[in-house]
Amino acid sequence: MRAWLKWLLLKPLATEYRLLAYVVSMQVVVLAMVAAIVYDAAGGVHTLAHWEQAIRTDSLPILRAMASRPLYLTLWIAGIGTALLLAFSAFAYRELFLDLRQKRDLRRRLAHESSHDALTGVLNRAYFMDYFEYAVRVAERDADRLALLYIDLDRFEALNAAFGYRAGDDVLRAVARGWQAEKRSADVFARLGGDEFALLMAHAGPELDVLAVANRLMASCREVDAWANRFDLGACVGIAFFPEDGTTPDVLLRKAELAVQRAKRRGRHQVCFYRESIAAAMSRADRLRNELPRAIARGELYVVYQPVVEAKSGELVSAEALVRWRHKEFGELSPGEFLPVAEEARLMPAITRRVMEEAIASLAAWRESGLSLTISLNISAQDCQLYGDLVDDLSRAVAEYGVKPEDVEIELTEQSLMEHAAEDLVRSLCQRGFRIALDDFGTGYASLAYLRRFQVTRIKIDRSYVARLYTNEYYERLIRAVMALAGELGLEVTAEGVETAEQEALLRAIGVNRLQGFRYGRPVSASALQEVAAGHTDPL
């Protein structure tokens, strides 16, 4: 019965209205008690006695029994009122205050979730931008200087591809905790989205001080644990200052993002301060991004070939096909300028097909002229995602031009091999008779693992190792170790970036099989390379 009355009277009401009903009820009881006591104290005893006499004779038996006691009715009212107050208080605490505490805790939790990133626990983008606006106003008032650090992780997509998205989430949480510990108490750190973070530094000092902070951030995530595996991750940082680079959060964030994009173009583990020249360069990149699809269709991209020689004899034995863009306004563009744009626009497969067709046609022409050269083709990570079409197109091209698949070497970087379909791609290429080379060997963490997993026939030592041969003996020992490893696995080794006679002599002494670099010729057209191979022109 009590539960039914409770549901009937109180459940349809919201918590706030139930609380109001309890408060009003208690106030009525308290007023009744006070009125009775005041009335009694004011001399209403005589009147009350008259009413008591009436109650004894005319009222219900229970009231006659109450009035017959040697107590005034006022005391009965006070006692009943006190009991009702205690009952209301206990019921209100049980039914209302606990409910209100749960709602308060829920509001606190919702407020935290609305301002913090669900994955990493740091501030989210929306709250960070609100705080950024407040910090700008304070900095304007106090003539202060702010530094905005835009942080973008390197190779995070490769980590996800190698270990899975759950491992990527774990790494993001660990990196965010580390960066949160590195910041000063006055700084604000937030996740902007994906693998991008931001650090807002108040009272920013000179550029060197901010650079030191950026270097600490990069160092803390250079190597991370991904499910019991060490992974070379790293980050790039773009930096913009208030008020020099902008006076609004949106402008500063955009300029810091431009700076980090420039840093990533320079390579890994780079820091870049915003400069006006960056904006001009990014405007050029935007133009290239818009014009590249039409350039591919109109044939503005063409192929050049860099000679590769046998180390012992110095004989030209192969060539690497490289792409160039002859832009009507900017002139000849190198791959380093437009290939990153092509990757962002998902145009690498179209460029690869263009290079592949022309290079295999050139190889057929060389063979007809009596030159027994082979050719190397570079395959991007995007090509690995469509490996079925790529293998079919390669097989069709070699059959159409009448060349052997073993005369075509496919160069893949470690990033390409991290794609899920890379193993199937390599297996299909090897089954068709193509040779596989691991390009830029030594620049990635897991290259040795790839030598074991994939049917690699050649290692190409990165040009950065060759360039440091005479500045750091560590690199000489490293190349000797690579040669020993290649000998055990039955692999051939090509050294890239050879430019001097001293480098050539040392690499020959170490036992490198093939050499490639400006010492043996810059990239030239197919006809020019044929003239070089025939001995009619100087390779340089």
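The values are calculated or read from the model by the stated rules, or taken from the named source; none is laboratory data. All of these numbers come straight from a predicted model, not from anything done at the bench. A quick note on method: Cβ atoms are made from the backbone with ideal geometry, for glycine too, and the neighbour counts reach across all protein chains shown. Surface areas here come from the heavy atoms of the whole protein model, side chains and all, with no ligands, DNA or RNA. Shrake-Rupley method; radii C 1.70, N 1.55, O 1.52, S 1.80 Å.
Probe radius 1.4 Å, ligands and nucleic acids left out: which of Lys255, Lys183, Lys312 has the largest accessible area, and how do the rest follow?
Putting Lys255, Lys183, Lys312 in descending order of accessible area: Lys312, Lys183, Lys255.
Could you sort Trp179, Trp227 by their accessible area in this structure, using a 1.4 Å probe and putting the largest first?
Listed by decreasing accessible area, they come as Trp227, Trp179.
Set the bar at 32 Å for Cα to Cα. Now go through Lys255/Lys328; Lys183/Lys460; Lys264/Lys328 and name every pair that lies beyond it.
Lys183/Lys460
So which trypsin sites (Lys or Arg not before Pro) in the stretch 338-373 end up in coil per DSSP with only 11 or fewer other C-beta atoms within 10 Å?
Qualifying residues, ordered by number: Arg346.
So between Arg508 and Ser277, what do we pick up on full extension, going 0.36 nm a residue minus the alpha carbon distance?
78.9 nm
Between beta-carbons, use under 15 Å as the cut-off and find the net charge around Gly511, counting Lys and Arg +1, Asp and Glu -1.
+1
Between Glu223 and Arg166, what FRET efficiency comes out of the Förster formula 1/(1 + (r/R0)^6) with R0 = 25 Å and r the beta carbon distance, rounded to 0.05?
The calculated FRET efficiency here is 0.80.
How charged is the neighbourhood of Glu223? Take every other residue with its Cβ under 9 Å from the Cβ of Glu223, and add Lys/Arg as +1 and Asp/Glu as -1.
Cβ neighbours under 9 Å give a net charge of 0.
What residues have an amide H closer than 5 Å to that of Val122, excluding those fewer than 5 places away on the same chain, when H is modeled at 1.01 Å from N in the peptide plane?
Asp117
For the pair Arg427 and Glu133, how long in nm is the line joining their label points, each one 7 Å along Cα→Cβ?
A separation of 5.5 nm, rounded to one decimal place.
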